[in-house]
Amino acid sequence: MKALITGASSGIGRDMARYLAKKGVFIYAVGRDTERLNELKEELKDKCDVLSLDLSKRENVFKLYENLKDSEIDIVINNAGFGIFGGFDETSLETELELIDTNIVALHILTKLFYRDFIKKNKGYILNVASSAGFMAGPLLSSYYASKNYVLQLSKAIYEETRRKKKNVSISIFCPGPVKTRFNERANVKFAIGGIESEYAAKYAIDKMFKRRLIIIPTLLMKTGIFLLRFISYKTALKINWYFQRRKTNKK
C-alpha cells in the first residue's frame, strides 16, 4: 500500500508516517519544513519519499496531485493545518487567508481529486484531520474552529454519498482534542487542558481508519464534552468555550 500524508514534517502527521511505515505502507510525506522531512526520510529509509511544498499555495496542491496521481495511492491523509489565536478584529487577515487556504482549500482539492480516483477503482482510504473544534464555534480561535467545521461537515457528506453509491471507499474524520504538537507554538497559545501524546493520537487514528470508522475521537473526555453539547444552548456553549480559549493565551 501507498499513503500520501500532508503536514508530515512534525506532530501527528510525522507519527502517522512512522506508524504506517511499520505496517509496510510506503509513505509520500508532504510538508513545508524540508529539513524535518529529510530527517523523516533518513529514518524511514526506502519506505518514504518526501515532497517539500507549501500547500497554502493552490498551484502547489495541484502540482502535488499531478506528481502522484499515477503512483497508485491507497491512502490520503489530509493533516496539514494550523491555527491563529486572538480577537477577530485583532488577528492578521493575511494569516487567516493562509489558514483557510491550508486547512480548507488544500484539503478540499486533494480530497476531491483522489476521491474521484478511488471511486473509479472502487477502493481507497481518506482520513481528514479535523478536531474536536469542528463540533463548535471558537471565540478567540474563530478561523481555526470554522475551518475544522468545514472539514467535518464536508467529510460527513462525502461519507453518505459514498455509502449510497455502495463503493468500497472509506471516509474517516479524526477529531482529537489537544495533542502535544507544534500547533500551540504556531497559534501562540498554550492548552487549557493537558494534551495527549502525538504518537498515541496517530496510532489511534490509523487503527480506526482501517476499521472504517467515520468519526474518530481518541479520548473519553472529548467524547463526553461533544455529547454534552447537545444539551446546552448555543449561547451557553459560546460562553463556556470563550472561557476555555481565554485560558490558552500566552500573553501576560
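Can you pull out every residue in region 80-100 that is surrounded by fewer than 19 Cβ atoms within 10 Å (Cβ to Cβ), outside any loop (DSSP other than H, G, I, E, B) and touching a Ser or Thr at 6+ places or on another chain (Cβ under 6 Å)?
Once the filter is applied, which keeps residues that are surrounded by fewer than 19 Cβ atoms within 10 Å (Cβ to Cβ), outside any loop (DSSP other than H, G, I, E, B) and touching a Ser or Thr at 6+ places or on another chain (Cβ under 6 Å), region 80-100 yields GLU96, GLU98.
Restricted to region 115-145, and to residues that are part of a helix (DSSP H, G or I) and touching a Phe, Trp or Tyr at 6+ places or on another chain (Cβ under 6 Å), which residue is modelled with the highest pLDDT?
To start, the set of residues in region 115-145 that are part of a helix (DSSP H, G or I) comprises 115-121, 132-135, 142-145.
Subsequent filtering for residues that are touching a Phe, Trp or Tyr at 6+ places or on another chain (Cβ under 6 Å) retains 133, 142.
Details: ALA133: 86, SER142: 93.
For region 115-145, the residue satisfying everything is SER142.
Cβ-Cβ below 8 Å, separation at least six or inter-chain, first residue in region 16-45 and of a type in the set (Asp, Glu), second open to solvent by 10 Å² or more (accessible area, probe 1.4 Å) and assigned to a helix (DSSP H, G or I): which pairs?
Partner pairs satisfying both residue conditions: GLU43/ARG18.
Counting just the residues of region 126-145 that are hydrophobic (A, V, I, L, M, F, W, C) and buried (at least 20 other Cβ atoms within 10 Å of the Cβ), which one comes out farthest from TRP242 (Cα to Cα)? So that I can check it myself, show each step before the final result.
Our first condition is that a residue be hydrophobic (A, V, I, L, M, F, W, C); within region 126-145, this holds for 126-127, 129-130, 133, 135-137, 140-141.
Still in the list and also buried (at least 20 other Cβ atoms within 10 Å of the Cβ): 126-127, 129-130, 133, 135, 140-141.
Working: ILE126: 32, LEU127: 29, VAL129: 23, ALA130: 20, ALA133: 12, PHE135: 15, LEU140: 7, LEU141: 9 Å.
Top of the filtered list is ILE126.
Just for region 31-49: of the residues that are open to solvent by 30 Å² or more (accessible area, probe 1.4 Å) and within 25 Å of LEU99 (Cα to Cα), which one is nearest to the chain's Cα centre (by Cα)?
Start the filter on region 31-49 by keeping residues that are open to solvent by 30 Å² or more (accessible area, probe 1.4 Å), which leaves 32-36, 38-39, 41-43, 45-47, 49.
Subsequent filtering for residues that are within 25 Å of LEU99 (Cα to Cα) retains 32-36, 38.
Values: ARG32: 15, ASP33: 17, THR34: 20, GLU35: 21, ARG36: 19, ASN38: 21 Å.
Looking at residues that are open to solvent by 30 Å² or more (accessible area, probe 1.4 Å) and within 25 Å of LEU99 (Cα to Cα), I get ARG32.
Condition test on ILE158, is it within 14 Å of VAL129 (Cα to Cα), at pLDDT 90 or above and β-branched (Val, Ile, Thr)? Quick ask: steps written out before the conclusion?
On the way: within 14 Å of VAL129 (Cα to Cα): no; at pLDDT 90 or above: yes; β-branched (Val, Ile, Thr): yes.
For ILE158, the condition - within 14 Å of VAL129 (Cα to Cα), at pLDDT 90 or above and β-branched (Val, Ile, Thr) - is not met.
Residues LYS112, LYS148, LYS190: which one is of a type outside the set (A, V, I, L, M), open to solvent by 30 Å² or more (accessible area, probe 1.4 Å) and at pLDDT 95 or above? Please lay out each step first, then the result.
Values: LYS148 fails: open to solvent by 30 Å² or more (accessible area, probe 1.4 Å); LYS190 fails: at pLDDT 95 or above.
Being of a type outside the set (A, V, I, L, M), open to solvent by 30 Å² or more (accessible area, probe 1.4 Å) and at pLDDT 95 or above holds for just one of LYS112, LYS148, LYS190, which is LYS112.
Checking PRO218 against (1) touching a strand residue (DSSP E or B) at 6+ places or on another chain (Cβ under 9 Å); (2) at pLDDT 95 or above, only one condition comes out false. Which one?
Every listed condition holds for PRO218 apart from (2).
Going by the conditions given, is LYS23 at pLDDT below 95 and over 26 Å from LYS148 (Cβ atoms)? Don't jump to the end; show me each part of the working.
Working: at pLDDT below 95: no; over 26 Å from LYS148 (Cβ atoms): yes.
Criteria not met by LYS23.
Mind listing whichever residues of region 1-58 are aliphatic (A, V, I, L, M) and touching a Phe, Trp or Tyr at 6+ places or on another chain (Cβ under 6 Å)? Break it down stepwise before answering.
Looking only at region 1-58, we keep the residues that are aliphatic (A, V, I, L, M), and these are 1, 3-5, 8, 12, 16-17, 20-21, 25, 27, 29-30, 37, 40, 44, 50-51, 53, 55.
Within region 1-58, just LEU4 meets the criteria.
Write out, first by first residue and then by second, each pair whose Cβ atoms fall under 9 Å of each other, whose residues are 6+ apart or on separate chains, and whose first residue, in region 206-219, is of a type in the set (Phe, Trp, Tyr) while the second is in a helix (DSSP H, G or I).
none
The values are calculated or read from the model by the stated rules, or taken from the named source; none is laboratory data. Only a predicted model underlies this, so the values are computations on that prediction, with no experimental measurement involved. Quick reminder, even Gly has a Cβ in these numbers, built from the backbone with ideal geometry, and neighbours come from all protein chains shown. Calculation scope for accessible area: heavy atoms of the full protein, side chains included, ligands and nucleic acids excluded. Shrake-Rupley method; radii C 1.70, N 1.55, O 1.52, S 1.80 Å.
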